[in-house]
Amino acid sequence: MTVVDETTGEPADTRGRVAELHALRQQAHQGPSERATEAQRAKGKLTARERVELLLDEGSFREVEQLRRHRASGFGLEAKKPYTDGVVTGWGTVEGRTVFVYAHDFRIFGGALGEAHATKIHKIMDMAISAGAPLVSLNDGAGARIQEGVSALAGYGGIFQRNTRASGVIPQISVMLGPCAGGAAYSPALTDFVFMVRDTSQMFITGPDVVKAVTGEEITQNGLGGADVHAETSGVAHFAYDDEETCIAEVRYLLSLLPQNNRENPPSVPSDDPADRRSEALLDLVPADGNRPYDMHKVIEEIVDDGDYLEIHERWARNIICALSRIDGQVVGIVANQPQSLAGVLDIEASEKAARFVQMCDAFNIPIVTLLDVPGFLPGVDQEHGGIIRHGAKLLYAYCNATVPRISLILRKAYGGAYIVMDSQSIGADLTYAWPTNEIAVMGAEGAANVIFRKQIAEAEDSDAMRARMVKEYKAELMHPYYAAERGLVDDVIDPTETREILAGALAMLRTKHADLPSRKHGNPPQ
């Protein structure tokens, strides 16, 4: 029986106080009302706590500041002070490893950020940085809480500052599960990976109403900043999925490929796929004719453990592939030209995509394997005026700055500046291999012959025959498969069927690589 204090009406014994605590916790767990929960489900969305439960191992979540309430007044706020203040924060485990998380609760103030709400996020971010563990944000909020004015804006500033401080120190993953508008969108943009769910999540700086008022353009929220837009057009989102369950399951998979922080190596797992497995299929997957396309995904599947990999930015800048996978149980980052898209050329978007991926791998001690089949940079006025020079330099800078193990493999074409940029030996690749189908040159034989033998071709009675003869001569002299190997620019020309075994052995040897950059505050990479 609970003893009640006659003066205050509150429980006077420990059992009563504990019962009161459980009642408050239940109130915080249930949220503001059943009606608000039903409204959330009507939009096809889970609640904040359901999302946290999906992300973390069962029973592992430990909440922080569950009973926090705002202290603001005015505009009716003093009469509405729900527990959690619209954000669930804490930590748990994913496959037994610690992960910190915060999840906006759209049922409370539309998930809008106020001072107390922001302080909770600041605290969990600081804890993640101190503990050296990944941070996952489950975003479903309406932006700044207008009723709290500039205090809410300052809260975002604190989040941005911590995002930047944590960059390259702990993995940061943003999962967009609802709206994210205005300045709030800059926090996901500062993190390492952005996941989105189709139809229910949107990101934009200015919404459709503002766009229409300023430019006269009419567009829907999804058309302006939906998952497909950011996964295919803007490149803001790395992943897009049809439902929250699949999305959060993929977040767990990504976390399994990442280290806890920049002082650790990614987790290795025993592999049942033999490291010395030969792959006869590679002899047929890649045509010797450099003008014939093929799917680089199939090459990657033959090389990595069990053909399993996670592609980053799969639908943006498809002419280059960036993926995380394992070779002999060890996590690797793979950068590969894709001949099926724009013949695998480098352009502005491909350079940006690969540069960011290389930087991420280097920050988190993930070795990089680069598969080359690149005919050059994409020519064109739009590319030059769009700044292909500085964008291409981003990829060059990222590779040159990377100190993790770096192995490059030239499958077929490797022409001009694109060959240098794609982690050639001259910019610091630890090992460079090539298949017997490789063609390493300043440019393609046809273009080279037209430049070098312009006069002879022009003066010949049969210019086409002369051109064909000069192309053949140029290939024989400067583009045969062993030209680069003879000059020490390729460490070995290998049998394609042995690719997996050779890469696994090289990665094992390089596992203890140590390289230091010159002492400096930070570099000044091209923008």
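The values are calculated or read from the model by the stated rules, or taken from the named source; none is laboratory data. Worth saying up front: this structure is predicted, and the values here are computed from it rather than measured. Cβ placement follows ideal geometry from the backbone for every residue including glycine, while neighbour counts extend to all protein chains displayed. In case anyone asks, the SASA skips ligands and DNA or RNA and just uses the protein heavy atoms, side chains included. Shrake-Rupley method; radii C 1.70, N 1.55, O 1.52, S 1.80 Å.
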Dimensionless Rg over Rh [the stretch 185-261; C-alpha; Kirkwood]: 1.05
Backbone HN-Hα couplings from phi across the stretch 123-136 [Karplus 6.51/-1.76/1.60, Hz, Gly and Pro as x]: 5, 5, 5, 4, 5, 4, 5, 5, 7, x, 9, x, 10, 10
Where a label projected 7 Å from the Cα of Ile205 along Cα→Cβ would reach, residues of the stretch 339-366 with amide N under 20 Å: 349, 352-353
Rounded to the nearest 10 Å², the accessible area of Trp316 at probe 1.4 Å: 20 Å²
Environment charge of Gly447, counting only residues whose C-beta is closer than 13 Å and scoring Lys/Arg +1, Asp/Glu -1: +2
Alpha carbon Rg of the stretch 400-443, scaled by the compact-globule rule 2.2 N^0.38 Å: 1.11
FRET efficiency, Asp242 to Cys400 (Cβ-Cβ, R0 41 Å, nearest 0.05): 0.55
Cα-derived Rg to Rh of the stretch 62-191, Kirkwood definition: 0.95
Length-normalised contact order of the chain in % [C-alpha pairs under 8 Å, at least 6 apart]: 9 percent
Rounded accessible area of Glu311 (nearest 10 Å², 1.4 Å probe): 20 Å²
Rounded if a/c under 1.5, otherwise prolate or oblate - the stretch 441-527, Cα gyration tensor axes: oblate
Fully extended contour minus Cα-Cα distance, from Val214 to Ser271, at 0.36 nm per residue: 14.9 nm
Peptide ranges 240-247, 108-115 listed from the most packed, as the mean C-beta count within 10 angstrom indicates: 108-115, 240-247
Overall form of the stretch 259-302 per C-alpha gyration tensor (a/c, 1.5; a/b vs b/c): oblate
Under 5 Å, built H, 5+ apart or other chain: amide partners of Val286: none
222 nm mean residue ellipticity, helices alone, for the chain (DSSP H n ≥ 4; -39,500 (n - 2.57); rounded to 500): -11000 deg cm²/dmol
Cα-based shape type of the stretch 160-303, given that a ≥ b ≥ c are square roots of the gyration tensor eigenvalues and the cut on a/c is 1.5: oblate
Table column - 3J(HN,Hα) (Hz), the stretch 331-336, Karplus curve with 6.51, -1.76, 1.60, x for Gly and Pro: 5, 9, x, 10, 10, 8
Between 0 and 90°, nearest 10: helix 14-30 axis offset from the chain longest Cα axis: 50 degrees
Residue-span extension gain [Asp284 to Thr93] - 0.36 nm each, minus C-alpha spacing: 64.4 nm
Relative contact order computed over the stretch 115-171 (Cα-Cα under 8 Å; 6+ residues apart), in percent: 55 percent
Cα-projected label distance for Lys298 with Glu498, points at 7 Å along beta-carbon direction, nm: 2.5 nm
Arg15/Gln66 FRET efficiency (R0 30 Å; Cβ-Cβ; nearest 0.05): 0.90
Global size of the stretch 241-328 as Cα Rg and Dmax, reported in angstrom: 15.7, 45
Pairs beyond 26 Å (Cα-Cα), from Lys413/Lys472; Lys123/Lys353; Lys353/Lys472; Lys212/Lys353; Lys353/Lys475; Lys80/Lys120: Lys123/Lys353; Lys353/Lys472; Lys212/Lys353; Lys353/Lys475
Average accessible area per residue (Å²) across the chain - probe 1.4 Å, nucleic acids and ligands excluded: 46 Å²
Listed peptides 128-141, 24-37 by packing density, highest first (mean Cβ within 10 Å): 128-141, 24-37
Value of relative contact order over the stretch 378-455, rounded to a whole percent, pairs C-alpha under 8 Å and six or more apart: 29 percent
³J(HN,Hα) computed for each position of the stretch 225-238 - Karplus, 6.51 cos²θ - 1.76 cosθ + 1.60, integer Hz, glycine/proline x: x, x, 4, 5, 4, 6, 7, 10, 9, 7, x, 5, 9, 7
The stretch 390-404 versus the stretch 108-145: alpha-carbon centroid distance in Å: 32 Å
Sum of side-chain charges, Leu153 neighbourhood, beta-carbon under 15 Å (Lys, Arg +1; Asp, Glu -1): -1
Residue-count net charge about Ile124 - beta-carbon cut-off 12 Å; Lys, Arg +1, Asp, Glu -1: +2
Two-site FRET efficiency, Val381 against Thr512, from Cβ-Cβ distance with R₀ of 41 Å, rounded to 0.05: 0.30
Nitroxide proxy distance, nm - points 7 Å out along Cα→Cβ at Ile427 and Phe75: 4.9 nm
Inter-site label distance for Glu486 and Leu24 at 7 Å from Cα along Cβ, in nm: 8.2 nm
For a label point 7 Å along the Cα-to-beta-carbon line of Glu232, residues of the stretch 43-61 with backbone N under 19 Å: none
